[in-house]
Amino acid sequence: MRDPQIDRAVGICKKLVSSFSYSWRRKRELAQAQKELKLPEHALKTECPTRWGSRQAMIARVLEQHRAISQVLSTDSKARHLIPTWQDTDVLEAINKSLRPLTEFTDALSSEKYVSVSFVKPVLHLFSSSILKVNDDDPGLTTTIKTKILSWILGHKNCLTWPLLLIHGSS
């Protein structure tokens with residue numbers, strides 16, 4: 001999904017995470033800020049294009065550590081521009097709210113030893129009836145993201161099902 005708001009917020013997120021990963025001083029200051037603010041002492045996570053769910057994990061960690069990140073970056077005049085604005089934070093929260101259930105579901109399904117084609121139809125039903133169902137309290141961007149993901153999945157369900165049927169039928 002191409003959206004300028006999402007691209008900007010994710011871009012800021014990637015830049016601030018990389019600024020911490022390349023600076024031992026910022027890492028040390030982040031750990032101190034986490035202790036002061038009584039936040040969990042977690043390192044920031046980077047996105048990996050080949051790792052499913054890494055973008056959501058990166059966003060969730062940045063949201064969790066937002067106060068500590070802001071405290072560290074606000075003291076550095078060269079890095080102040082990396083502090084997410086309230087608009088960026090709203091966008092990151094909408095993305096996280098939309099993707100977190102999918103990531104949790106994917107993790108649960110991938111932990112199964114044997115996943116069969118009989119899972120496909122119930123999974124598609126679960127996506128449309130609860131996981132990606134638009135709620136009344138969802139912000140506009142969350143609603144848009146959920147709707148686009150669901151329409152993509154349902155529009156490609158035959159593409160997703162046929163390879164599984166061929167694999168299942170041949171074994």
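The values are calculated or read from the model by the stated rules, or taken from the named source; none is laboratory data. Source: prediction; values computed, not measured. No Cβ is skipped: glycine too gets one built from the backbone with ideal geometry, and neighbour counts run over all protein chains shown. Just so you know, the surface numbers come from the protein's heavy atoms only, side chains and all, with ligands and any DNA or RNA stripped out. Shrake-Rupley method; radii C 1.70, N 1.55, O 1.52, S 1.80 Å.
In the list Q32, Q5, which residue meets the criterion of being more than 25 Å from T106 (Cα to Cα) and modelled with pLDDT of 95 or more?
It is Q32.
Inspect all residues belonging to segment 47-58 and state whether any of them is over 13 Å from the mean Cα position of the chain (by Cα), closer than 26 Å to T142 by Cα and assigned to a loop (DSSP other than H, G, I, E, B).
Yes - at least one qualifying residue is present in segment 47-58.
Might you check whether a residue that is farther than 19 Å from G11 by Cα and not aromatic (F, W, Y) occurs anywhere in segment 76-90?
yes
Could you please find all residues in segment 61-92 being of a type in the set (A, V, I, L, M, F, W, C) and free of Cβ contacts under 8 Å to residues at least 24 places away in the same chain?
W86 - this is the single residue of segment 61-92 that is of a type in the set (A, V, I, L, M, F, W, C) and free of Cβ contacts under 8 Å to residues at least 24 places away in the same chain.
Among the numbered criteria (1) over 13 Å from the mean Cα position of the chain (by Cα); (2) open to solvent by 90 Å² or more (accessible area, probe 1.4 Å); (3) of a type in the set (D, E), which one does D76 miss?
Answer for D76: the failing condition is (2).
Looking only at segment 100-146, which residues are of a type in the set (D, E, K, R), more than 26 Å from R2 (Cβ to Cβ) and either modelled with pLDDT under 70 or assigned to a helix (DSSP H, G or I) (or both)?
D107, E112, K113, K121
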